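Since the structure comes first, as structure tokens, the remarks are kept for the end.
The values are calculated or read from the model by the stated rules, or taken from the named source; none is laboratory data. All values derive from a computational prediction rather than experimental measurement. Don't worry about glycine lacking a Cβ; one is built from the backbone with ideal geometry, like all the others, and counts go over all protein chains shown. All accessible areas refer to the heavy atoms of the entire protein, side chains included, with ligands and DNA or RNA removed. Shrake-Rupley method; radii C 1.70, N 1.55, O 1.52, S 1.80 Å.
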Amino acid sequence: QVQLVESGGGLVQAGGSLTLSCAASGRIFRINRMGWYRQAPGKQRELVATITVLGRTNYADSMKGRFTISRDGAKNTVYLRMNSLKPEDTAVYYCSADSTGSSYEPLRDWGQGTQVTVSS
């Protein structure tokens, strides 16, 4: 079991920047990959970006160039730097952690989410 706590959400004007943080605790030694997803009202949850324990990153096409995912291994924390924010980026942003269980089963844990609202 991995516990995830997001922070950094809030209200920002269009064109501004915001950085989200996600701190992991618990069975962090089993984490293979962490990521960010978001869910806007009336929409499905969608991938934003992921980063593996070795630092390999992956981005949704719509996020490339504006968002950057990074990690601090020593702090078991991942970050999402969001630049040039648009009203369409308004959503609840969730942190995820993909782990390997005791029986080698894939596991995914979620944070509680943090609201990002971009005003026009």
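Per-structure values
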quantity	calculated
Cβ-Cβ FRET estimate between residue 3 and residue 117, R0 fixed at 30 Å, reported to 0.05	0.75
Qualifying chymotrypsin sites (Phe, Trp or Tyr not before Pro) for region 1-105 [loop in DSSP, other Cβ within 10 Å: at most 14]	104
Charged-residue dipole, Cβ positions (Lys, Arg, Asp, Glu), the chain about Cα centre, Debye nearest 20	180 debye
Whole-number percent relative contact order across the chain, with pairs defined as alpha carbons under 8 Å at least 6 apart	36 percent
Those residues of region 104-120 whose amide nitrogen sits under 20 Å from the label point placed on residue 53, 7 Å along Cα→Cβ	104-111
Choice from 84, 96, 21 showing the highest fluctuation, given a GNM over the chain with Cα pairs closer than 10 Å	84
Loop-resident sites, region 11-120, for trypsin sites (Lys or Arg not before Pro), counting at most 14 other Cβ within 10 Å (DSSP)	43, 56, 64
Carbon + sulfur, % of accessible area of the chain - ligands and nucleic acids excluded, 1.4 Å	49 percent
Residue 100/residue 61 FRET efficiency (R0 30 Å; Cβ-Cβ; nearest 0.05)	0.60
Straight-distance crosslink candidates among aspartates and glutamates, where the alpha carbon sits under 14 Å from residue 43 and sequence neighbours closer than 8 are dropped	88, 89
